[in-house]
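Below is one structure, written out as structure tokens, with a few remarks after it.
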Amino acid sequence: MPKLIILGTSDSVPDENHDNTHMLLIGKTRRVLVDCASNPVMRLRRIGVEPNSITDIIMTHFHPDHVSGVPLLLMNMWLLGRHDQLNLYGLEHTVRLMEQLLDAFEWERWQEYPVDIKRLRNKNMTLVLEAPDLRIVSYPVNHFVPAIGLRFEFPGSGKVVAYTSDTAPTANVAWLAQGADILLHEASGESEGHSSAAQAGEMAKQAKAKALYLIHYPTGLKNPQDLVAEASRNFDGPVVLAEDFMEFEFD
Ligand SMILES: [Zn+2]
């Protein structure tokens, strides 16, 4: 049955227990990594996932705390003997800059397996990928650079998880998380292009999400549970602080 494993929950600055925000979806035929800031190989091995079993990498936007690990992961895949195609997805802005970064690392000298780079439309309800047990759709969100939030649909159980990536409050978050069983909402703090926990609660209410999980939150807070209390002021459903290695299974 499909699974979602949270591999990191921190904002830009990680600590010893919170890596930069990224996650893995495991389906029957697809293993999808969403964002890749640090080197995910260590965490994948810790959860018993062979790095070369990853079939797809979705990049939500071109900021270092979301995608700077992509060149190293691609190189590690080659060194681990990869032959299978890898699919890499992002908006035009994200993909263009990632290609420049890979060119700077002269990836054409070492990249021997096929990489299919897929440019996503910057439009609501853009289909990213579809497998029998997993469907992923993207929505533009409101950040400094073009960025997407993702809606993960699990047809077997009818369950839905939404992930905002980095965003200020926007109607599109309510759309992408409409009726979601779990809304993974960033809580970096109220500033341009980002959201506070209170704003995440407000968006969860607007989206009629069933549960709110705060993610991409600041490390080093004296009392991180304050964020939960803050979000709960605006949202009546359960609010949880996401932690690295949390797992969700969908029958
Ligand atoms: Zn960002």
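Screening Phe144 on (1) modelled with pLDDT of 95 or more; (2) under 17 Å from Gly90 (Cβ atoms) shows it passes everything except condition (1).
When Gly179, Gly193, Gly149, Gly158 are screened for being of a type outside the set (S, T, N, Q), at pLDDT 95 or above and touching a Leu at 6+ places or on another chain (Cβ under 7 Å), only Gly149 passes. Quick check on Leu73: is it away from the ligand (no atom under 16 Å from the Cβ), part of a helix (DSSP H, G or I), under 28 Å from Thr126 (Cα atoms) and modelled with pLDDT of 95 or more? Yes: the conditions hold for Leu73. Candidates in the range 141-156 are the residues that are assigned to a strand (DSSP E or B) and free of Cβ contacts under 8 Å to residues at least 40 places away in the same chain; of these, the one that is farthest from the ligand (Cβ to nearest atom) is Glu153. Scan the range 51-70 residue by residue and report those that are of a type outside the set (A, V, I, L, M, F, W, C) and either assigned to a strand (DSSP E or B) or within 16 Å of the ligand (Cβ to nearest atom) (or both). Hits for the range 51-70 are Asp56, Thr60, His61, His63, Pro64, Asp65, His66, Ser68, Gly69. Only one of the numbered conditions (1) among the polar types (S, T, N, Q); (2) buried (at least 17 other Cβ atoms within 10 Å of the Cβ); (3) assigned to a loop (DSSP other than H, G, I, E, B) is violated by Gln178, and that is (2).
Is the range 57-80 home to any residue that is surrounded by fewer than 20 Cβ atoms within 10 Å (Cβ to Cβ), under 16 Å from Glu247 (Cβ atoms) and among the hydrophobic types (A, V, I, L, M, F, W, C)? Checking the range 57-80: not a single residue is surrounded by fewer than 20 Cβ atoms within 10 Å (Cβ to Cβ), under 16 Å from Glu247 (Cβ atoms) and among the hydrophobic types (A, V, I, L, M, F, W, C). For the residues Leu241, Leu184, the requirement of being under 25 Å from Val137 (Cα atoms), surrounded by 24 or more Cβ atoms within 10 Å (Cβ to Cβ), in contact (Cβ under 8 Å) with a residue 24 or more places away in the chain and hydrophobic (A, V, I, L, M, F, W, C) singles out Leu184. Taking the condition surrounded by fewer than 23 Cβ atoms within 10 Å (Cβ to Cβ) and of a type in the set (Asp, Glu), does Glu249 pass? Yes; evaluated as a whole, the condition is true for this residue. Exactly one condition in (1) buried (at least 16 other Cβ atoms within 10 Å of the Cβ); (2) without any contact (Cβ under 8 Å) to a residue 60 or more places away in the chain; (3) of a type in the set (Val, Ile, Thr) is false for Ile136; which is it? Among (1) buried (at least 16 other Cβ atoms within 10 Å of the Cβ); (2) without any contact (Cβ under 8 Å) to a residue 60 or more places away in the chain; (3) of a type in the set (Val, Ile, Thr), Ile136 violates only (2). Out of the residues in the range 223-238 meeting the condition of being modelled with pLDDT of 95 or more and assigned to a loop (DSSP other than H, G, I, E, B), tell me which one is surrounded by the most Cβ atoms within 10 Å (Cβ to Cβ). Within the range 223-238, the match that is surrounded by the most Cβ atoms within 10 Å (Cβ to Cβ) is Phe235. For the range 103-130, taking the residues that are among the aliphatic types (A, V, I, L, M) and more than 18 Å from Leu33 (Cα to Cα), the one that is surrounded by the fewest Cβ atoms within 10 Å (Cβ to Cβ) is identified as Ala104. Scanning the range 195-250 for residues being under 21 Å from the mean Cα position of the chain (by Cα), farther than 15 Å from Thr167 by Cα and acidic (Asp, Glu) gives a total of 4. Being in contact with a Pro (Cβ under 7 Å, 6 or more places away or on another chain), within 16 Å of the ligand (Cβ to nearest atom) and closer than 18 Å to Glu186 by Cβ is a property that Asp35 lacks.
The values are calculated or read from the model by the stated rules, or taken from the named source; none is laboratory data. Nothing here was measured: the structure is a model prediction, and the numbers come from that model. Note that we place each Cβ from the backbone using ideal geometry, even for glycine, and neighbour counts take in every protein chain shown.
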